[in-house]
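**Student:** Take this structure first; my questions come after.
The values are calculated or read from the model by the stated rules, or taken from the named source; none is laboratory data. Small disclaimer: the values here were computed from a predicted structure and weren't measured. No Cβ is skipped: glycine too gets one built from the backbone with ideal geometry, and neighbour counts run over all protein chains shown. Quick note on the areas: whole protein, heavy atoms, side chains included, nothing else; ligands and nucleic acids left out. Shrake-Rupley method; radii C 1.70, N 1.55, O 1.52, S 1.80 Å.
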Amino acid sequence: MNVKKFIAGSSRDAWRQVREALGPDAVILSNRNIEDGVEILAMANEDMSSLVVPAMAKDAMPRPAVRRPPAQPAQPQAAAPRRVEHQGLGVESSAIEHSAAQAEARVWRTRNAARASAKEQQEAAQQQRPSQASSAPSASPQRPKQSPIMAEFDGKDYDEILSDVMTEIRSMRGVLETQLAEISWGGTQKREPAKAAIMREMLAAGFSASLSRLITENLPQNPKSQDAMFWVKSVLAKNLMTMANENELLEEGGVYALVGPTGVGKTTTTAKLAARCVMRHGPGKLALITTDGYRIGGYEQLRIYGKILGVMVHSVKDEADLRIALDELRGKHTVLIDTAGMGQRDQMVAEQAAMLSGAGTEIKRLLCLNATATGGTLNEVVSAYSGDGLAGCIITKLDEAATIGNVLDVVIRQKLNLYYVANGQRVPEDLHVANKLYLADRAFKLKRETAPFEFQDAELPVVVGPTATAMNDKSLREVILG
């Protein structure tokens, strides 16, 4: 490593000496003030080649040739690349090391160049002020020549430059993780075709790519096809939290509010629950309340159900009305509240939650999840309606869904307590206590209807690749495997 020292009266003169001796791409190692002026330690850009990590093996990804500056005095030659297993990925360690070197070199060189250039431009401006005052108005000072490194960041201050570089580093990291995952999964398909088959089954059933990959990567060694599917279903069932016995709700009683977006089936589900309560305790032990003053006919629909069951239906408009109604119905064993449907992005969702929590009585909220919605939409719904007082959820429209892996994925990921599943409009027949083993099995039986949308072998690496970052999701790390 050929490091040269340059001493001059000003940083401008020292920087000029560096450019003349080592070229505009020289690497600044240190820059400090001394008694005689400024001292700069630098080395030629070509001398950095002895510190670059050796090129990666043929089976690793190609990358741009970037030289890495040493944090400490470097040895003449870097160690030969060794093969390691990185999160189960059979890739060369030099590929990962080189990407880190690329990021460190960019930040390190830009920081030093920015500081040196800033001092240079400041001194140049101070020297030009007297000459500008005495020269003609038409004369304009000649701008100091910039190095190629600083030309890219012309007009930006140091913080902006550093922010841009860090953004680029994060982008490079994401691309690297995605491409390594694609390479790894391509090799897994050839080495372990059983895992690829399980991955296709789970994706076709509607489960997310991240959950499918987590379960697939932890399959037992060399399982048979039937044994592998049994293991997958058992893992899914194990992670589903369900109501052990219907008596938890019917015998304990209390105040329950059914909440959720519009059209999810809250009113019909409320009527089904009311019918179960009447059959268990009689109409005198039940009361119905509706807060749905927005939907045309919302109150009338519940009133008709109440008339059939012999139960009075009370309508409330705000928190004060709800507080009064609950005080009057204090003697009832069970009170069911049918709320107005609101989209998960509506700001009134928070107002509704505040009204229920401020009623002066403990109200357990049951979130209705539409089995026909996508996983992303369901995840937004849970995030919007979650909070204190959310006792669990009810899956609705199970009979209309082509796949149910999407809703089971969200229930598992969000660790919701699943009370019931609804699979039709009949009251009260089409409401069933959730059976985790049945739901896990049914998820894979319904997938046959999605044949046109199933992923092919060549498409799996592209689907699995972006899950590299999602695998660090806290909700996924808590999934029980085995």
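**Student:** Work out, step by step, the length gained on full extension between Glu46 and Asn417: first 0.36 nm times the residue separation, then minus their alpha carbon distance; give nm to one decimal. Walk me through the numbers on the way to the answer.
**Tutor:** Values: separation 371, 0.36 × 371 = 133.56 nm, distance 6.27 nm.
Gain on extension, Glu46 to Asn417, equals 127.3 nm.
**Student:** Could you give the length gained by full extension between Asp388 and Thr374, i.e. 0.36 nm per residue of separation minus their alpha carbon distance, to one decimal place?
**Tutor:** Details: separation 14, 0.36 × 14 = 5.04 nm, distance 2.50 nm.
My answer for the length gained is 2.5 nm.
**Student:** Starting at the first residue of the stretch 343-356, write each ³J(HN,Hα) from the Karplus equation 6.51 cos²θ - 1.76 cosθ + 1.60 with θ = phi - 60°, in whole Hz, x for Gly and Pro.
**Tutor:** Values, residue by residue: x, 5, 9, 7, 5, 6, 4, 5, 5, 5, 4, 5, 5, 5 Hz.
**Student:** If I model a spin label at Ile308 and His432 as a point 7 Å from the Cα along the Cα→Cβ vector, what separation in nanometres do I get?
**Tutor:** Spacing of the two 7 Å Cα→Cβ label points: 2.1 nm.
**Student:** Taking θ as phi - 60°, what are the ³J(HN,Hα) couplings along the stretch 228-242 by the Karplus curve (6.51, -1.76, 1.60), each to the nearest whole Hz, with x for Gly and Pro?
**Tutor:** Residue by residue, the stretch 228-242 yields 5, 5, 5, 5, 4, 5, 5, 5, 4, 5, 5, 8, 8, 9, 10 Hz.
**Student:** On full extension of the chain, what length is gained from Lys317 through Ile480, given 0.36 nm per residue of separation minus the C-alpha to C-alpha distance? All intermediate terms of the calculation are to be shown ahead of the outcome.
**Tutor:** Working: separation 163, 0.36 × 163 = 58.68 nm, distance 4.38 nm.
Here the answer is 54.3 nm.
**Student:** With respect to the cross-link table entries Lys224/Lys445; Lys317/Lys436; Lys397/Lys445; Lys238/Lys285, which display a Cα-Cα separation exceeding 26 Å? Write down the numbers at each step before the final one.
**Tutor:** Numbers: Lys224/Lys445 19 Å; Lys317/Lys436 38 Å; Lys397/Lys445 17 Å; Lys238/Lys285 36 Å.
Cα-Cα > 26 Å for Lys317/Lys436; Lys238/Lys285; rest within.
**Student:** Now for a different question. Return the distance in nm (one decimal) between the two label points of a simple spin-label model at Met348 and Asp25, each offset 7 Å from Cα along Cα→Cβ.
**Tutor:** Placing both labels 7 Å along Cα→Cβ, they lie 6.4 nm apart.
**Student:** Then there's this: Take each of the peptides 241-250, 303-312, average the number of other beta-carbon atoms within 10 Å over its residues, and list them starting from the highest.
**Tutor:** Values: 241-250: 14.6, 303-312: 16.7.
Output ranking for 241-250, 303-312: 303-312, 241-250.
**Student:** Here's a follow-up. Accessible area per residue of the stretch 231-327 at 1.4 Å probe, in Å²? Let's see the in-between values first.
**Tutor:** Details: 4350 Å² over 97 residues.
Result: 45 Å² of accessible area for each residue.
**Student:** If amide H atoms are built 1.01 Å from N in the plane of the peptide, which residues on other chains or at least 5 residues away come under 5 Å of the amide H of Gly254?
**Tutor:** Under 5 Å from the amide H of Gly254: Thr334, Val335.
**Student:** State, to one decimal in nm, how far the label point of Glu246 lies from the label point of Ile324, with both points 7 Å from Cα in the Cβ direction.
**Tutor:** Distance between label points: 3.6 nm.
**Student:** Now for a separate question. Show me the three semi-axes of the equivalent ellipsoid for the stretch 330-427, from the C-alpha gyration tensor (sqrt of 5 times each eigenvalue), largest first, rounded to whole Å. Could you put the intermediate results ahead of the total?
**Tutor:** On the way: eigenvalues 112, 56, 30 Å².
Taking √(5λ) for each eigenvalue gives 24, 17, 12 Å, largest first.
**Student:** Compute the separation of the alpha-carbon centres of the stretch 272-287 and the stretch 318-356 and state it in Å as a whole number.
**Tutor:** 20 Å
**Student:** Shape verdict for the stretch 250-379, please, from the Cα gyration tensor: rounded (a/c under 1.5), prolate (a/b greater than b/c) or oblate. It would help to have the intermediate numbers written out before the result.
**Tutor:** On the way: a/c = 1.64, a/b = 1.34, b/c = 1.23.
It comes out prolate by the Cα gyration axes.
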